[in-house]
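Shown next, in structure tokens, is the structure this report addresses.
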Amino acid sequence: MSIRVLVADDQALVRGGFVALLDAQDDIEVVGEADNGEQAVRMTRSLAPDVVLMDIRMPILDGLAATKMIAADTRLSEVRVVVLTTFELDEYVFEAMRCGATGFLVKHTEPADLLRAVRVVAEGEALLSPGVTRRLIAEFSARAKPPPDTVLTELTDREREVMTLVAEGLTNAEIGARLFLSPATARTHVSRILTKLGARDRTQLVVLAYESGLVRPGWQ
């Protein structure tokens with residue numbers, strides 16, 4: 001089955017470039033284009049794409065507000081939002097991730113990296129590999145208002161271990177190898193953590209790991 005993508009960007013040339021690249025892939029289908037945040041939310045609700053590429057700065061409703069609305073809609077729980085930004089250390093990116101975005105990409109990213117990002121996100125992994133994403137999370141989580149101290153109390157010691165490794169950007173297979181578990185067992189732990197914390201996806205686990213102090217800013 002192909003990965004269904006909605007592209008939201010108010011710059012027609014940029015949007016057209018993304019669409020052309022994505023549509024040329026056998027496993028990816030662009031199901032819609034939006035030129036403002038309000039239209040992006042409306043089309044996401046009607047089309048339920050697997051992935052939304054969401055520009056942050058758009059008219060009528062910006063990408064940050066649009067991401068919040070999509071993440072808050074329980075009918076769209078399977079939709080993954082990747083925010084697009086012109087600048088790597090955009091102050092709004094971390095807020096977008098806190099509100100439900102799965103990751104972010106700079107608009108000048110290499111085509112191969114964009115395609116990889118869409119596929120990774122569609123598979124349910126967080127888009128956390130680029131070092132700049134890690135630096136951004138570390139920088140802005142230090143400024144964010146921390147959640148209540150009780151946020152991690154429901155987690156077992158093993159689940160805290162797993163969450164720490166998720167915060168390092170490890171995949172289920174890598175977590176399993178580190179803790180001598182099967183990838184399936186690692187995935188089960190991650191799923192339980194998501195449920196206990198009411199988190200939308202792995203990216204929000206990373207944010208919570210930093211905000212709660214489970215992981216300290218500063219990546220190894």
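The values are calculated or read from the model by the stated rules, or taken from the named source; none is laboratory data. What you see is a predicted model; the values in this text were computed from it and never measured. Glycine gets a Cβ as well: all are built from the backbone with ideal geometry, and neighbour counts include every protein chain shown.
The figures follow:
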read-out: Residue in segment 59-75 that is assigned to a strand (DSSP E or B) and touching a strand residue (DSSP E or B) at 6+ places or on another chain (Cβ under 8 Å) present; value: no
read-out: Residue list for segment 99-146, restricted to those being part of a strand (DSSP E or B) and at pLDDT 70 or above; value: Gly103, Phe104, Leu105, Val106
read-out: Residue in segment 147-156 that is buried (at least 18 other Cβ atoms within 10 Å of the Cβ), modelled with pLDDT of 80 or more and over 11 Å from the mean Cα position of the chain (by Cα) present; value: yes
read-out: Residues within segment 185-211 that are part of a helix (DSSP H, G or I) and either in contact (Cβ under 8 Å) with a residue 12 or more places away in the chain or in contact with a strand residue (DSSP E or B) (Cβ under 7 Å, 6 or more places away or on another chain) (or both), tallied; value: 18
read-out: Test for Thr109: is it without any contact (Cβ under 8 Å) to a residue 40 or more places away in the chain, closer than 22 Å to Gln204 by Cα and hydroxyl-bearing (Ser, Thr, Tyr); value: no
read-out: Members of segment 162-184 that are surrounded by fewer than 20 Cβ atoms within 10 Å (Cβ to Cβ), in contact (Cβ under 8 Å) with a residue 40 or more places away in the chain and part of a loop (DSSP other than H, G, I, E, B); value: Glu168
read-out: Failed condition for Val79, given (1) of a type in the set (Val, Ile, Thr); (2) under 19 Å from Gln204 (Cβ atoms); (3) at pLDDT 95 or above; value: (3)
